[in-house]
Amino acid sequence: MTASSKRVVFTMGGKGGVGKTGVMVALAEWFATNEIPVTLLDLDTENKARGSLKHFFNGTVTKVNIHTPAGLDGFVDHLTAVPPLSLPTWGGCRAGCADWFESMYEDVAAMGVRFTAVGVVTPDPASVESVLAWASRLQDRVEYVVVENATSALADFTYWRSTEQASRFREAFSPEILQMEFGSLNLKTQSATRNTTGQVADRKAILTN
């Protein structure tokens, strides 16, 4: 399988604690259940604790340090592997990750690799601002999925749904919107109602955490 048939699904946003790793784990498990091969990468070198993606998969997830000169080469090497999808998570990584994306995007996109950026928003305005800040850097070089993570029974997403900046983002990039309640993302239900998960599997759309 060539790089031209690859899609990279990655998390965006520097706000920690919003549930990005949980979304990525749910997505990876969905692919595994449906026997869709995927490469898992952990680019969140700042997180060495039990909350990292590597922890959830018994240490089998490869960490790639994007802050080193060899980081881009290592990432590209993974794109030449057999699985059609790569699922890197950037966790709490902030501006440096966006810089790294810009430095590697042109070369990797020239190989035919496509990108899906997954952002997670909560009722906390800071989570929305983080996703929007990343989108301002990524622009139309990626497709977008936004997960609304209801962290309580009375979660209020007014900031995400009603502010002018968020509205402009949705109008410009038409992100797929998924809902997550209390840290649980039901991809089966979402797939049945909107076919989002199936589109990701077919490399037609975006998704991740």
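The values are calculated or read from the model by the stated rules, or taken from the named source; none is laboratory data. These numbers were taken from a predicted model, which means no experiment stands behind them. Note: ideal-geometry Cβ built from the backbone for every residue, glycine included; neighbour counts use all protein chains shown. Surface areas here come from the heavy atoms of the whole protein model, side chains and all, with no ligands, DNA or RNA. Shrake-Rupley method; radii C 1.70, N 1.55, O 1.52, S 1.80 Å.
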Report summary line: Note: among Ser136, Ser184, Ser167, just one is among the hydroxyl-bearing types (Ser, Thr, Tyr), farther than 18 Å from Arg7 by Cβ, at pLDDT 90 or above and within 18 Å of the chain's Cα centre (by Cα), namely Ser136
Query raised in the report: When the residues of the stretch 97-119 are filtered to those that are closer than 28 Å to Ile177 by Cβ and charged (D, E, K, R), which remaining residue is most open to solvent (accessible area, probe 1.4 Å)?
Result: Arg114
Query raised in the report: Is it true that Val82 is touching a Leu at 6+ places or on another chain (Cβ under 6 Å) and either modelled with pLDDT under 70 or open to solvent by less than 10 Å² (accessible area, probe 1.4 Å) (or both)?
Result: no
Query raised in the report: Hey, among the residues in the stretch 35-70 that are of a type in the set (Asp, Glu) and open to solvent by less than 40 Å² (accessible area, probe 1.4 Å), which one's modelled with the highest pLDDT?
Result: Asp42
Query raised in the report: Which of the residues that make up the stretch 9-20 are at negative phi and open to solvent by less than 30 Å² (accessible area, probe 1.4 Å)?
Result: Val9, Phe10, Thr11, Met12, Gly14, Val18, Lys20
